[in-house]
Structure formats: structure tokens, C-alpha cells
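Report on the following structure.
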Amino acid sequence: MNDKEYMRTAIRLAEQGTGWTAPNPLVGAVIVKDGKVIGQGWHEKYGQPHAERNALASCTQSPSGADIYITLEPCCHHGKQPPCVDAILKSGIRRVIIGSADPNPLVNGKGIRILREHGVKVTEHVLTEDCDRLNEIFFHYIRTKRPFVTMKYAMTMDGKTAAFTGASKWITGEAARSHVHRQRHRFTAIMTGVGTVIADDPLLTCRIPGGKNPVRIICDTHLRTPLTAQVVSTAGLVPTILATCCTDRKKHLPYEQKGCRILCMDEKNGHTDLQKLMERLGQEKIDSILLEGGGALNWAALKSGIVQKVQAYIAPKLFGGADARTPVEGIGVAAPSDAYHLKNSTISQLGEDFLIESEVIHPVYGNC
């Protein structure tokens, strides 16, 4: 095996931490000595040992003189865990192979420099694109302090998210719906609007055995969420946030008694200020949001510039209907030249359905 093959193994290991490490990155590590893997590990859960220390702890023989393959530059600062650079130096490892650089200001090349200053050979940029893709959420969050937002919707091939009657279950098949639940496990939070809650009464949980439920965020400008809604009645079991412009404490109380948190936000153009909401959620270590809103909220999110990625699940069906709902509504753009452009699109088949994933070309906050 060569450097790329060992790094691919490290990437597969890192992926096992999906859904559990936020707001930390996904990291995998493989230790190789004399052409043989003697240790491997990944960052399993936030607050627990990092990938490098787990790999070292699993070694079947002394790692002295070995190589270690790491998907992300090792940390060199004290957080919930001690610096991984210290563990690597203590182990006697002679060579460190790294996939991605760490943009965290507390690291950002310092880990590599320390290793080299102590005589350790460092090889950078091995499968960098693959390793960067692994941590697109972490990189965005560490640079902007705001959540990485993915707009997700399911639609027919004629672009409908429901029949003209409003019926929407089910547009896609079981394979696509199972993929959605894996995304709910992956993302820290899930966000929708009060209109969707009133129309569909969704539970917004992850229904994968052993999966993690996302924090539920309801954008509800005037606090109209029914107290009988599933998101309210289960708020004692699943963290639920109502983001509202309503400041009437008497209206807050019934929701709070059922376990909901109320976030009072500024109003912008008659609705909750989504950019301010992202700032607030980022401060609370919510690094990622799966946006499962209706057409109105999706348009507002695009217009406010908070969306980084789009996931469109497309079913080979046709609904028709001039008034049937579509994924993005609102006023829309005035001309094709004003369109929101996407890039780096990928297509996957899920049963009979298709998933198209694309990045929004113009990131929201500066050039981050």
C-alpha cells in the first residue's frame, strides 16, 4: 500500500465519527510500521480522545519509528483533550502524513511546525480534496462561527413538493428517506418554518437505530406553533428551539412549560432575521443545520445568504398542478441572470430516486 491507500483507510475511519464529534472535526488515523498497520483510530465523540491518541492506544507493537497517517493536521493546544502533537512526539513516530491543514487559529500550521522542529518528517496534502470534503462543516464553522446550512427538499421531476391538495407523503422511496435520516443524524440541528409545522405536523427526528436526534429549530415569527404539535409535545425528549420575534412572555410560558426554548430574535422584512439567528446558534456551538423548510422559508434562507449547500431528492414522478407547491417560492428572481448559481454538483441514485448535491457559489460571509 502507498500513502494514498493508507489515507483512504484513515478517511473511512474518520467517517465513523459522523454525527458524534460536532463541533469538532472528523478525524481518522492509521499507524504503519514496516509495511504493516499496527494501530488505527478515529475521533469517536466530542470530548473524548482524538484520533491520534486512539490509534496510539490500539498499537499492537511499539510505534517508535513508524509512520502515522492523519486526515487533519494534529492539534497542538489544550482543549477538552491534551495536544496530539505531544503524544506523537512521545511515541517516537518518525513520519507524519497529513491530508488537510487545520484552519483553526489555535492550530493552523503550528502542529506541523512543532513536529518538524523536533525532527519528525511531515508530508502534507495527501488526498487533500477528499479530506477537506470530510470536514466541510467544520471548516465553515471554524472560519465563520456560524452553522453550515444545507437546504434539503424532495420533489418530483416536474418540480413539485406536494400535490395540488397539499398531500406530500411520500414523494420519494424508502432508500431516499433512509438517506435523509442519516443526514438528520449527521447534522447538529434541523430547521423548518411554522408553516410546515402547521401543515404537516412533522416530528423532525432521526429514525435510525442508534442515531442521534438533531436539535429542532422552528422559525416562527409570530409564535403560531400549535401547542399540540409533535415538536412541542416531545420537546422534553428532543431539544426544541422556537425562534420568534414575539416578545410577549405570557405567550412564551406554555411552550417553555412543555420543554421548548424561546429565542427572541430581531425582525427583518416582517420575519425572523435569519442572519442574526445563525450568529446566535453559532455561539451555542450549533455548527450545522439541515434546512427542511417549505418554499417560503427556503426562499428567505437563500435571499438572506445563509445557505451553503443544496440537496435535492428527485423522484421519477410527475404531479402537475399550476398551484402545487415547489421547493423555493417567495417572489423569486426577476431574470435568469439573477439566478442563484450552484457548483460542484454530484448525482447519486437512491433506489429509484436521485440525489443531486450542489454548493452555493456565493458563500454568505465574505469569502469563507
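Below are the figures for this structure:
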| item | result |
| --- | --- |
| Answer residue from segment 307-346, given it is of a type in the set (Val, Ile, Thr) and in a loop (DSSP other than H, G, I, E, B) and is farthest from Gly195 (Cα to Cα) among those | Val333 |
| Selection from segment 1-50 of residues that are open to solvent by less than 40 Å² (accessible area, probe 1.4 Å), in contact with a Ser or Thr (Cβ under 8 Å, 6 or more places away or on another chain) and in a loop (DSSP other than H, G, I, E, B) | Ala22, Pro23, Leu26, Val27, His43 |
| Segment 304-338: number of residues that are open to solvent by 20 Å² or more (accessible area, probe 1.4 Å) and either without any contact (Cβ under 8 Å) to a residue 12 or more places away in the chain or over 30 Å from Thr144 (Cα atoms) (or both) | 17 |
| Subset tally (residues that are open to solvent by less than 20 Å² (accessible area, probe 1.4 Å) and either in a strand (DSSP E or B) or under 13 Å from Gly321 (Cβ atoms) (or both)) for segment 160-192 | 5 |
| Matching residues, segment 99-147, being within 24 Å of the chain's Cα centre (by Cα), open to solvent by less than 20 Å² (accessible area, probe 1.4 Å) and more than 27 Å from Leu277 (Cβ to Cβ) | Gly99, Ser100, Asp102, Val107, Val126, Cys131 |
| Residue match in segment 352-364 (condition: touching an Asp or Glu at 6+ places or on another chain (Cβ under 9 Å), among the acidic types (Asp, Glu), at pLDDT 95 or above and farther than 30 Å from Lys169 by Cβ) | no |
| Residues of segment 262-303 satisfying the condition of being open to solvent by less than 40 Å² (accessible area, probe 1.4 Å), among the charged types (D, E, K, R) and either over 23 Å from Val231 (Cα atoms) or out of contact with any Asp or Glu (no Cβ under 7 Å at 6 or more places or on another chain) (or both) | Asp287, Glu292 |
| Entirely in segment 199-301, the helices (runs of 4 or more DSSP H) that have 1 or more residues that are in contact (Cβ under 8 Å) with a residue 60 or more places away in the chain and within 29 Å of Glu136 (Cα to Cα) | 274-283 |
| First in segment 1-14 and at positive phi, second anywhere and modelled with pLDDT of 95 or more, Cβ under 7 Å, 6 or more apart | none |
| Residue list for segment 220-241, restricted to those being open to solvent by less than 40 Å² (accessible area, probe 1.4 Å) and closer than 27 Å to Thr21 by Cβ | Val231, Thr234, Ala235, Val238, Thr240, Ile241 |
| Test: residue in segment 51-67 that is closer than 21 Å to Gly92 by Cα, of a type in the set (S, T, N, Q) and assigned to a helix (DSSP H, G or I) | yes |
| Residue match in segment 137-149 (condition: assigned to a loop (DSSP other than H, G, I, E, B) and on the phi > 0 side of the Ramachandran plot) | yes |
| Matching residues, segment 109-127, being in contact (Cβ under 8 Å) with a residue 24 or more places away in the chain and either on the phi > 0 side of the Ramachandran plot or in contact with a Ser or Thr (Cβ under 6 Å, 6 or more places away or on another chain) (or both) | Gly109, His125, Leu127 |
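The values are calculated or read from the model by the stated rules, or taken from the named source; none is laboratory data. If you're wondering where the values come from, they're calculated on a predicted model, not measured in any experiment. Note that we place each Cβ from the backbone using ideal geometry, even for glycine, and neighbour counts take in every protein chain shown. The area values use the complete protein model at the heavy-atom level, side chains included, leaving out ligands, DNA and RNA. Shrake-Rupley method; radii C 1.70, N 1.55, O 1.52, S 1.80 Å.
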